[in-house]
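Below is one structure, written out as structure tokens; comments come after it.
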Amino acid sequence: MKKLLFAALVAGSALWAIPASAQSTSGTVNLSGTVAAKCTSAGGLSDSINLGELAIANGTVDSSFSSNVGGLTRSFTVTCTSANPQISVDAAPLVNAAVLVPTSGYTNTVHYTATMTASKAAGGNTSAIDTSNVAGPTASSVGDHLANGANNIVVTVSNGNTTSATDLLEAGSYAGTISLTVSPSA
């Protein structure tokens, strides 16, 4: 009986000496996030264009703004996270605010055309064209993602004119603005 008890004890301790088989478990961590539809420009959408002398020798408007200083075009770099952003341009006329009521045959207002052009990611361009003699902005959808690169938004001033082509420009300083907006699609 002692032998039997000893054999049972040896067998039992042998069971304890055998390592337990390894067990593992696995699972998944789900990640999520969002990107808001937005358009930004590190340098902003602000610059200046100096049109120089607005009148030609006979006193009427220089329709080509040939006396400009530094060119009639400005470029901007805009990034948008959504497809098909909208561009909008609003040209306000150049006005000589010192002359409240121009003399007959003269004017204190110079109109022009502002063209805002967006480069498309797939190539090509989309433009929004606004004339300063019509109130309110002109908008256009890009029809693609905005090109991911420098100078993908360009603004150009052209076609100087007055309400009456024969009007002479009143002497003085003229100022106007072009408002630009690039908006993500909804």
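Let's test the formula: R0 of 30 Å, r as the Cβ-Cβ distance of Asn133 and Ser75. What FRET efficiency results, to the nearest 0.05? If you can, show how the numbers build up before the last one.
On the way: r = 26 Å, r/R0 = 0.86.
For R0 = 30 Å, the calculated efficiency reads 0.70.
Assigning unit charges at the beta carbon (Lys, Arg +1; Asp, Glu -1) and nothing else, what dipole magnitude in debye, to the nearest 20, does the chain show about its Cα centre? Please report the intermediate quantities before stating the final value.
Working: 5 positive and 8 negative charges, 351 e Å.
Charge dipole, the chain, about its Cα centre: 1680 debye, nearest 20.
If a paramagnetic tag sat 7 Å from the Cα of Leu100 along the Cα-Cβ line, which residues of segment 165-182 would have the backbone N under 19 Å from that point?
170-175
Binning every alpha carbon pair distance of segment 127-186 at 10 Å from zero, what are the percents per bin?
Each 10 Å bin holds this share of Cα pairs: 14, 42, 26, 13, 5.
Take each of the peptides 109-119, 87-97, 22-32, average the number of other beta-carbon atoms within 10 Å over its residues, and list them starting from the highest. Don't skip to the end; give the middle numbers.
Working: 109-119: 22.6, 87-97: 19.4, 22-32: 4.4.
Going by the mean number of other Cβ atoms within 10 Å, highest first, we get 109-119, 87-97, 22-32.
Determine the per residue accessible area of the chain with all protein chains present and a 1.4 angstrom probe, expressed in square angstrom.
62 Å²
Counting only protein heavy atoms and using a 1.4 Å probe, what share of the accessible area of segment 123-168 belongs to carbon plus sulfur, as a whole percent? Write down the numbers at each step before the final one.
On the way: 1180 of 2310 Å².
Taking all protein chains in place, segment 123-168 shows 51 percent carbon and sulfur surface.
Relative to 2.2 N^0.38 Å, what does the C-alpha radius of gyration of segment 22-91 come to as a ratio? Two decimals please. All intermediate terms of the calculation are to be shown ahead of the outcome.
Details: Rg = 25.8 Å, N = 70, 2.2 N^0.38 = 11.1 Å.
Against the compact-globule rule of thumb, the ratio is 2.33.
Can you pull the percent of segment 30-93's accessible area that's carbon plus sulfur, 1.4 Å probe, other chains left in place? Don't jump to the answer; show the numbers that get you there.
Numbers: 1800 of 3640 Å².
The nonpolar share, carbon plus sulfur, comes to 50 percent.
Once you place label points 7 Å from the Cα toward the Cβ at Ser26 and Asn84, how far apart are they in nm?
4.2 nm
If you count only protein heavy atoms and use a 1.4 Å probe, how large is the accessible surface of Glu53, to the nearest 10 Å²?
110 Å²
What's the ranking of 173-182, 98-107 by average number of surrounding C-beta atoms within 10 Å, highest first?
Details: 173-182: 16.4, 98-107: 12.2.
Per-residue mean Cβ counts within 10 Å order the peptides as 173-182, 98-107.
The values are calculated or read from the model by the stated rules, or taken from the named source; none is laboratory data. Here the structure is a predicted model, which means the values were calculated and not measured. Neighbour counts are summed over all protein chains in view; Cβ atoms, including those assigned to glycine, are modelled from backbone coordinates with ideal geometry. Just so you know, the surface numbers come from the protein's heavy atoms only, side chains and all, with ligands and any DNA or RNA stripped out. Shrake-Rupley method; radii C 1.70, N 1.55, O 1.52, S 1.80 Å.
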